[in-house]
Amino acid sequence: MAKQYAFYFDSNLCTGCKACQIACKDKWDLDVGVTWRRVAEFGDGEWAVHNDGTYTQNISSYYVSVACNHCSSPECLPNCPTEAITKNEDGVVMIDESRCIGCRYCEWACPYSAPQFDAKRGVMTKCNFCYETVSQGGVPSCVAACPTRALKFGELEELQALYGTVSEVAPLPSASYTNPSLVITPHRNSAPVGTGELANPEEV
């Protein structure tokens, strides 16, 4: 298997502080409405009433930090009419803004909403894995900013060897759509894909 950079996320360690999101916006000076990394708050479960009038519940909530997953089968790439999107030798999916016409087809195709439209410049933008920093031995800004070390990065095979092969959890879509370069340690109360609901839909 060729080298493939990937993100690792441990939902048990994430407190929803959004330091990763803020660090990304700060590093890339992203405009209002353009958010390459987002933190979803997810809730699941229900209250049940019993015949004796008592109640029980299995309600839980947790956070999921997500950006572009530099997928093995990225839907954004074949849906770009100008071939502005490419996948380089490290597996990082990039947008060539000089070729982008801002049609937003990549945005509509991506199940993670990773491509973000920059209205001021009229082009699509997205997480580039802080590629220049990583290629010089550094770490992505989101990873560096995480105070609980819930985020890590590395080569996909190495991360899978350390943490397993789970790459989907609610509220993310099924991994079968794009084969994301993502490894997740699910929260202890994690829910399967397609269940529960977002508590902060306006933020993600």
Restricting to region 139-159, count the residues that are in contact (Cβ under 8 Å) with a residue 40 or more places away in the chain and part of a helix (DSSP H, G or I). 8
Quickly run through region 31-52 and pick out the residues that are part of a strand (DSSP E or B), more than 30 Å from SER141 (Cβ to Cβ) and not acidic (Asp, Glu). TRP47, ALA48, VAL49
Any residue at all in region 26-35 that's basic (Lys, Arg), without any contact (Cβ under 8 Å) to a residue 60 or more places away in the chain and out of contact with any Asp or Glu (no Cβ under 8 Å at 6 or more places or on another chain)? no
Just one listed residue, out of THR82, THR86, is of a type in the set (Val, Ile, Thr), on the phi < 0 side of the Ramachandran plot and in a loop (DSSP other than H, G, I, E, B), and it is THR82
If the requirement is being under 14 Å from the mean Cα position of the chain (by Cα), under 29 Å from ALA150 (Cα atoms) and surrounded by fewer than 20 Cβ atoms within 10 Å (Cβ to Cβ), which of these qualifies: ASP44, ASP10? ASP10
Looking at region 68-81, is at least one residue of a type outside the set (Lys, Arg), closer than 21 Å to SER167 by Cβ and in contact with a His (Cβ under 9 Å, 6 or more places away or on another chain)? no
Could you tell me which residue of region 175-204 is farthest from GLN160 (Cα to Cα), considering only residues that are within 13 Å of the chain's Cα centre (by Cα) and modelled with pLDDT of 85 or more? THR178
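The values are calculated or read from the model by the stated rules, or taken from the named source; none is laboratory data. Owing to the predicted nature of the structure, the values given are computational and were not obtained by experimental measurement. FYI the Cβ positions are ideal-geometry reconstructions off the backbone, even for glycines, and counts take in every protein chain you see.
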